[in-house]
1. For the stretch 669-696, enumerate the residues that are under 24 Å from Ala535 (Cα atoms) and not in a helix (DSSP H, G or I).
2. Between a residue in the stretch 506-525 that is over 19 Å from Leu539 (Cβ atoms) and in contact (Cβ under 8 Å) with a residue 60 or more places away in the chain and any residue that is among the hydroxyl-bearing types (Ser, Thr, Tyr) and open to solvent by 20 Å² or more (accessible area, probe 1.4 Å), which pairs come within a Cβ distance under 9 Å, given they are 6 or more apart or on different chains?
3. Being open to solvent by less than 10 Å² (accessible area, probe 1.4 Å) and assigned to a loop (DSSP other than H, G, I, E, B) is the filter; apply it to the stretch 352-369 and report the residue that is modelled with the lowest pLDDT.
4. Condition first: of a type in the set (Gly, Ala, Ser) and in a loop (DSSP other than H, G, I, E, B). Now tell me which residues in the stretch 772-821 satisfy that.
5. Hey, could you check the stretch 284-308 for residues that are among the aliphatic types (A, V, I, L, M) and assigned to a strand (DSSP E or B) and say which is nearest to the chain's Cα centre (by Cα)?
6. Could you please let me know if Ala502 is within 18 Å of Ala369 (Cβ to Cβ), open to solvent by 40 Å² or more (accessible area, probe 1.4 Å), out of contact with any Asp or Glu (no Cβ under 6 Å at 6 or more places or on another chain) and in a helix (DSSP H, G or I)?
7. What residue, among those in the stretch 51-62 that are open to solvent by 20 Å² or more (accessible area, probe 1.4 Å) and at pLDDT below 95, is nearest to Glu171 (Cα to Cα)?
Amino acid sequence: MARPQQELVTFTLDGREVTAPQNMMLADAALEYGDVEIPVFCYEKKLGPPVGACRMCLVEIEGIPKLQAGCSVPVKDGMVVHTNTPRVREAQQAVLEFILINHPLDCPVCDKGGECPLQDKSFGWGDGISRFVDPKRHFEKPLALSPLIAIDRERCILCYRCVRFSQDVSEDYQLILQERGAGTYVATFDGHPYVAPFSGNIIELCPVGALTSRPYRFRARPWDIEQSGSVCTLCPAQCNVSFTVRDERVLRVLQRDHEGVDDGWLCDKGRFAYQAIHVDERVTRPLLRDGGELRPVSWELALDTAAAALKRAGARTGAIVGGETTSEEGWLLQRLMREALGSADLDSRAGGALDLELHRALGAPALQAAVPDLQYADAVLVLDVEPIDDAPVLDLRIRKGVRHGGVRLHVATSRPSALDERAAAALRFAPGAGGALLCALDAALSRAGDLDGAAAAAGVDPQDVRAVADGLEGDVVILWGERLTHGPGGAEAARALLNVAARLGLAGREGAGLIEIPAGTNGRGLREAGVLPNAGPGLAAAPAEGRDAPGIAAGAAAGELTALYLLHADPLTDLPGRETWGAALEQAATVIAHAGFLTEGVREHATVVFPAESYAEKEGTIVHPDGRIQRLRRAIGRQGDTRGEWSVLAELARRLGTDTGVRAPSMATAKMIAEIPFYAGLSLDEIGARGVRWTERPQAFAFPEAPAGPFGLASPQAAPAANGRLRLGTFRSIWASPEVEASPALKFLHPRQRVELSPADAERLGVAHGARVAVAGDGGSVTGIAHVRAAAPAGTVFLETAIPRDSAAILDGPLVEVWPA
């Protein structure tokens, strides 16, 4: 679907001529272009087409005898509109009078008091007097609509917003209106709690105090709080947020609408995980291992110990950088490693290095799509990524494109996807066989090569691959996961992906291209800042090529590396190869970590632990998967004795003989930008509150060139046959993170191991849904709860990784055995 054309029309609004896009809803056009507010309750542009339920937006249009709903009338050329005539005012006062018939007058105690649209509209458009003296209706109050949301049904004005969100935006279909007439109320379809990844959005959508946040209830009032804008770093979606702050504490997180990033939505992790900032379990003082235990120490002692240990290790130091690291922190660490220690052994990718040419080709500005392109493309291919877990708001954007724009959606994943029901075609390939699938797709698009052989290697039907290839026409966006390029076959998968992009002609095509979802929030920014073993800042060739993440693990386990620097990373939780990493951490003489929580690897093996800032305390920049550089701003003071991590890295470098010249976060940003040619001339002011897509700036021409294909591809290696056992696939839930586990409101969502398998395999193995089962591989065994999924492919079992207990990282594939525990 092409982007809507902005054909302008001129209409008259309260005696003034206003120019606005044709067919824009009158309520939106009046506010945006005419600076006239037409009051609404049921209408919300983000929810899609209007329903015209509340009638608060009635206006008078010349030539039409009856009053019209301003939310439902598109503007036309020559239209004459009146919003403030006696007839209109009388109608609006009557609507408000009816709404307030049953609405309780509990504004002094209502959490919405002071920021309530109903209050504002009652003062602005109401009569102030009601003719109704009958008793108001009463419901039990408040009720827990979910563990996160309280509902006060007495306050509900039946605007339908929350129900429309559930049915038309998130498409979880859990909320409905029960009963009829004056007895109507909002409820869940089956009476169960409303638990869904995006449920918290209905709190902000509610125009009254009927839906409130349970963690925020009675914590503050609008006149004693401040709002501070920043960016959520809990996943690669990087949604724009506004922190509600009181007395240096974050009390609430609200969306900060950005059409180019999040479309105004937040997932529940981004909305409620702020509680982890203030829990007692958080590390807020430097820790030093003493007698086998981590004990609080002074900053001076911690820095002295870390600097002395790094100096002893020198070039025998390896560094792993996690995704929540800012670009500035990554840039400072790579200087510490390369200049102060003489080591090139650092990485920000979990699954091994790619050739520098492939990094450049995949990141080329001409090949980058933007987030809104997912909504307006002709076709979208979701490839080896699960948006609901890896970048949740992109799931909503894709659904919006399919629902309203007729986008042809194709899903190609190992594990059944939440988007399958919306897809024109869904391909299931064997775990780890994404490269083989891409080889098959390349053969289908080019009408050459061994399609049947590549499809067989991927474990898919060649006809299904042809069907997907035939559907990829017009403007195509490929949303792909970094894990596609992990492992020994990662480079070949990257070449095959570039081949597919070349066959589809995506380079330089507006509205089309690639969007990579990295394993960590700022994966793209860290690569561009030089946190790779084979690349410096700006993806320039590194002076010396070092070990990648698997190489660092092997080197430390073999005693070749004596110190490990972990910046927002715990290899036992976040990286594959748990057995090797366990040996590496055990063997290393020194392990220095920046951590907000004592996860397993940090708690058991760290020598020095520096407290990590939360995203509400950070300053710096991160880069969105589509190339948008966004700015983090401090919303609260750092908790406890926490220091800015940029200052810790700069101080360690200074103590080791390398003065970075960084004395403030803005200086780190400026110095980093100066070393990255395609960021040239960028400033924090230009980045501002909305961010800047560097791929659209003139300086993008300085991005290093690389061959983009087509490449010759080797015959892919076939996925292992099950032979009575099951192929092992892994996934990471959005709820698998220390922040969720530490947040009182979200703790109930932190996952325990579930073992997903097909009905056929479950029957063959004698496993019932909900039963406890054991899974054993070469590396060990884990136990979990069986989840029998109708859509799961036979011959494969899926387990969760990145959880503290019974993680799939314990197992070595590719084949495992499953039996009732």
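1. Answer for the stretch 669-696, where residues must be under 24 Å from Ala535 (Cα atoms) and not in a helix (DSSP H, G or I): Ile676, Ala680, Gly681, Leu682, Ser683, Val692, Arg693.
2. Taking only residues 6 or more apart or on different chains, the pairs are Gly511/Tyr376.
3. The residue in question is Gly352.
4. Matches in the stretch 772-821: Gly779, Ala790, Ala791, Ala792, Ala794, Gly795, Ala802, Ser807, Gly813, Ala821.
5. Leu287
6. yes
7. Out of the qualifying residues, it is Val51.
Table: residues versus (1) assigned to a helix (DSSP H, G or I); (2) farther than 28 Å from His486 by Cα; (3) open to solvent by 60 Å² or more (accessible area, probe 1.4 Å); (4) modelled with pLDDT under 95.
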site	(1), (2), (3), (4)
Gly582	yes, no, no, no
Thr621	no, no, no, no
Gly637	no, yes, no, no
Trp646	yes, yes, no, no
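The values are calculated or read from the model by the stated rules, or taken from the named source; none is laboratory data. If you're wondering where the values come from, they're calculated on a predicted model, not measured in any experiment. All Cβ positions, glycine included, derive from the backbone under ideal geometry; neighbour counts span all protein chains shown. Keep in mind that these areas ignore ligands, DNA and RNA; they rest on the heavy atoms of the full protein, side chains included. Shrake-Rupley method; radii C 1.70, N 1.55, O 1.52, S 1.80 Å.
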